[in-house]
Amino acid sequence: MERILVLGGGIGGVEAAIALADKGFDVELVSDKDYLWIHPISIWIPTGEISPQECQLPLQLIAERNNFKFTSGKVKKIISKERKVLIETEKGEEEKTYDRLVVAIGGVKKSHKGLEHTLSICGGKEELLSLRERYEELIKRGGGTIAFGFGGHPQDPTGVRGGPVFEALFNIHYHLKGLGLRDKFRLVFFAPMPKPGKRLGEKNADKMFDFFKKIGVDYKVGVKIKEFQPDGILFEDGEKIESDLTIFTPAVDGHPLLKESDLPLNQAGFIKIDPFCVVEGSDYTVWAVGDCATIEGPEWRAKQGHLAEVMARIVGRNIDRISKGTTEGMESYLPHVHIVCLMDMGSWGGILFARTDKRILMIPLPKVGHWLKKLWGWYYKNSKLRKIPRIPGFDKP
Ligand SMILES: Cc1cc2nc3c(=O)[nH]c(=O)nc-3n(C[C@H](O)[C@H](O)[C@H](O)COP(=O)(O)OP(=O)(O)OC[C@H]3O[C@@H](n4cnc5c(N)ncnc54)[C@H](O)[C@@H]3O)c2cc1C
């Protein structure tokens with residue numbers, strides 16, 4: 001039986017390990033954290049609606065329930081020419097070999113001058129707890145200015161994270177309203193691109209700014225950020241937004257460990273793959289899924305969790321074909337490059353956005369949108385632990 005090593009225990013890596021174990025392969029997943037972090041529901045940590053414990057699932061438990069092996073360790077280097085990976089574990093440095101490798105280590109934040117003066121809604125457990133603390137301090141103080149923004153990536157825009165930033169802004173707006181404190185806070189949005197959110201359609205981006213005006217959110221867009229300072233954001237046109245708390249999410253950049261490895265990378269440091277998710281030039285031995293991989297497709301394409309899962313399941317089936325000695329029927333991820341985003345707006349509800357090459361959908365879901373996202377979180381956790389069956393057709397292909 002082929003031995004498959006999966007690197008990264010996030011949304012893509014876990015799905016790949018499950019798909020491959022379901023096909024009967026001997027699967028080992030290596031990750032630097034011992035839990036799977038469910039990013040889409042972590043947006044509720046700052047307002048205290050959810051605890052960090054509710055956003056995570058122990059990888060050991062997922063592994064036991066899905067018949068694969070979990071190893072806690074930090075990947076240091078991938079040497080694909082020798083079919084080996086160096087990892088650092090509690091016991092020291094280890095070398096792992098494999099028949100096939102699936103890389104799913106996600107990305108990192110693109111660097112910006114003064115980034116240490118900001119906190120990101122996409123930062124993971126520790127950063128979100130700091131964000132909650134800073135937000136609570138402002139509430140205790142009785143008011144202030146909170147600035148929300150996201151950055152671009154000139155070499156690869158697929159990892160620009162607008163959605164969670166809008167979600168953070170709307171959640172905080174409605175949370176403050178609920179506390180009767182909204183008029184004591186200035187909320188301001190900023191982004192360097194002229195039309196942030198345009199990925200969801202030009203008209204929808206315009207509507208977003210109409211909505212900002214309606215709910216009293218100021219904004220500054222289309223001007224590059226010079227640097228972040230302890231008390232605000234300085235722009236290249238010399239203007240400064242003073243803020244007590246800057247919530248900024250840089251675009252996703254290639255993982256630094258890939259620069260130490262021998263896989264082919266694009267200019268932003270993402271792994272070059274073909275439509276079947278095979279790493280270029282690897283002769284079907286190395287595969288990559290999710291945020292660490294290049295994504296081709298329409299100019300509005302985006303790195304998203306649902307796409308990482310689709311890629312992972314495709315990899316499961318494609319590796320199965322290859323191990324049986326055939327390339328017939330190999331599946332491509334390209335027809336599945338869509339945007340699906342249930343943008344949460346806290347107590348107001350949510351808006352469902354979907355974009356394919358044929359159409360753009362925007363469906364406001366007052367109240368129910370918020371509960372649908374919660375329901376998705378419940379389904380995601382319980383189905384990964386095999387406590388409930390997967391809904392046929394829901395998370396296919
Ligand atoms: C706040 C937020 C909200 C989001 N909301 C949505 C949404 O509503 N819908 C949607 O579709 N997408 C959403 N996304 C995007 C989605 O979460 C990502 O696209 C998805 O997580 C990508 O999966 P991945 O497995 O490629 O990367 P990740 O989920 O980031 O997983 C990478 C894994 O690799 C591990 N790792 C990293 N470095 C190493 C190393 N050196 N050694 C070992 N392990 C390592 C990490 O610990 C992590 O477990 C959101 C993202 C964020 C941040």
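The values are calculated or read from the model by the stated rules, or taken from the named source; none is laboratory data. The model shown is predicted, which means the values in this text are computed figures rather than measured ones. Virtual Cβ from ideal backbone geometry, glycine too; neighbours counted across all protein chains shown.
Restrict the check to the range 76-90 and report whether at least one residue is in the same structural domain as Arg317 (by TED's automatic domain parsing), within 14 Å of the ligand (Cβ to nearest atom) and basic (Lys, Arg). Yes: one or more hits. So, in the range 6-33, of the ones that are in a strand (DSSP E or B) and within 8 Å of the ligand (Cβ to nearest atom), which residue ends up farthest from Thr97 (Cα to Cα)? Top of the filtered list is Ser31. Of the candidates Leu361, Leu375, Leu342, the single residue that is in contact with a helix residue (DSSP H, G or I) (Cβ under 6 Å, 6 or more places away or on another chain) and either surrounded by 19 or more Cβ atoms within 10 Å (Cβ to Cβ) or free of Cβ contacts under 8 Å to residues at least 12 places away in the same chain (or both) is Leu342. Count of the range 258-293 residues, restricted to those that are small (Gly, Ala, Ser), under 16 Å from Met330 (Cβ atoms) and within 13 Å of the ligand (Cβ to nearest atom), is 1.
Criterion applied to Arg301, Arg355 was being touching a His at 6+ places or on another chain (Cβ under 7 Å), closer than 25 Å to Ala168 by Cβ and among the basic types (Lys, Arg), and the one residue passing it is Arg355. If you go through the range 152-205 one residue at a time, how many are of a type in the set (Asp, Glu), in contact with an Asp or Glu (Cβ under 7 Å, 6 or more places away or on another chain) and not in a helix (DSSP H, G or I)? Total satisfying the criteria: 0.
Only a single criterion out of (1) more than 13 Å from the ligand (Cβ to nearest atom); (2) touching a residue at least 12 places away in the same chain (Cβ under 8 Å); (3) on the phi < 0 side of the Ramachandran plot; (4) within 22 Å of the chain's Cα centre (by Cα) is not satisfied by Gln53, namely (2).
Lys272 fulfils the conditions (1) surrounded by 19 or more Cβ atoms within 10 Å (Cβ to Cβ); (2) within 24 Å of Met311 (Cβ to Cβ) except for a single criterion, (1).
Among the residues of the range 294-316, the ones that are over 12 Å from Pro275 (Cβ atoms), surrounded by fewer than 18 Cβ atoms within 10 Å (Cβ to Cβ) and more than 13 Å from the ligand (Cβ to nearest atom) come to 3 in all. A Cβ distance below 7 Å, combined with a sequence gap of six or more or placement on separate chains, defines the contacts here; from the range 281-310, residues that are modelled with pLDDT of 95 or more reach residues that are among the aromatic types (Phe, Trp, Tyr) in the pairs Cys292/Phe270; Ala293/Phe270; Thr294/Phe270; Val310/Tyr333.
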